[in-house]
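> Just dropping this structure here.
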Amino acid sequence: MNARVVTKKIRSVTNVKKITKAMQLVSAVKMRKAQQTALEGKPYQEILRQAIERLASGISTKDSVLLNESTTSKRNLVIVFTAQKGLCGSFNMNVMRFLIKQITLGDTDFITIGKKGAEILSQLRAKVLADFSGLEDADSISAVFELALSEYTKGSYKTVSVAYNKFVNTLRSDPTYEKILPFSTENVDSKGEKLKPAEDGYTIEPDSSEIVDALLKSYIESSLRFALLQSYAGEHSARMIAMKNATDNATDVILNLTSLKNKLRQQSITNELLDMITATVSVEVN
């Protein structure tokens, strides 16, 4: 290897660095928007969840089909949220590895939101009921919920669950697996701790059978929309970090190659000087 070859490699790596730096900046902008949306919706979703769970704990399973587990099927349905694109580190594999540990693959069908999840499940030869990889608007999550609800109420599936990466901060997203149907009436929070019953209780008018079903459907759909926002925030954060690492690695490679080029040039100059000195000594001796 000579200095010219190393110089060409430095130019190539420099071009890669420019690309990764540009992608890092784009991802940073998207990350800030996605994080803001996810964080702003978190308090509302948490309070709504507690209110709904306390309400559901005091009603009868006859008030809504969403409270009853289907006994006609042994199969389960999972809605999986992954990224549409790659270049985001282990973001997609983390949630898929976690999901596979939670389920029996042969007894589970999937609805995928995100191209990467669909590709991984296809390689595992799992049954994908529907693929919503083109879904980009959180408001379009209604189509996903309607399909899952329709299949559940028909008795095609025993349970419906959701798997996604829950956004924690820029450096961390936790793989999450939650059952959404049948709706659990257990009076516990997301950490498994028991919730205190409401002091004054809830007054349902005109009748629980008329309002609970619609209320639970609205809440579950909202939960899916929130999961999508969480996944978006985690995805853009992971991609920004991945591009930053790639840029830093490219910088290190350029520094190492530059050092190697200087050594090769110095070695070439030294060899030329030695040849000149040898030639001069040979002439003087003769």
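The values are calculated or read from the model by the stated rules, or taken from the named source; none is laboratory data. Everything quoted here is computed from the prediction, not taken from an experiment. Positions of Cβ are generated from backbone atoms using ideal geometry, with glycine treated the same way; all protein chains shown enter the neighbour counts.
> Just give me the residues in the range 132-176 being assigned to a strand (DSSP E or B) and out of contact with any Leu (no Cβ under 9 Å at 6 or more places or on another chain), in sequence order.
Hits for the range 132-176 are N165, K166, V168, N169, R172, S173, D174, T176.
Let's see how each residue does on (1) out of contact with any Leu (no Cβ under 7 Å at 6 or more places or on another chain); (2) closer than 24 Å to S237 by Cα; (3) surrounded by 14 or more Cβ atoms within 10 Å (Cβ to Cβ):
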{"residue": "V5", "(1), (2), (3)": "yes, no, no"}
{"residue": "S27", "(1), (2), (3)": "yes, yes, yes"}
{"residue": "R54", "(1), (2), (3)": "no, no, yes"}
{"residue": "G106", "(1), (2), (3)": "yes, no, no"}
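> With respect to L129, is the statement that it is over 13 Å from L99 (Cα atoms), in contact with a strand residue (DSSP E or B) (Cβ under 7 Å, 6 or more places away or on another chain) and assigned to a helix (DSSP H, G or I) true?
no
> What are the residue pairs meeting all of these: first residue in the range 248-267, first residue at pLDDT 90 or above, second residue polar (S, T, N, Q), Cβ atoms under 7 Å, and 6 or more apart or on different chains?
So the pair list comes out as A250/T20; I254/T14.
> Please find, among E46, E53, the residue that is of a type in the set (D, E), within 30 Å of Y157 (Cβ to Cβ), part of a helix (DSSP H, G or I) and at pLDDT 80 or above.
E46
> Do you know which of the residues in the range 224-248 that are crowded, with 20+ Cβ neighbours inside 10 Å and small (G, A, S) is farthest from the chain's Cα centre (by Cα)?
A242
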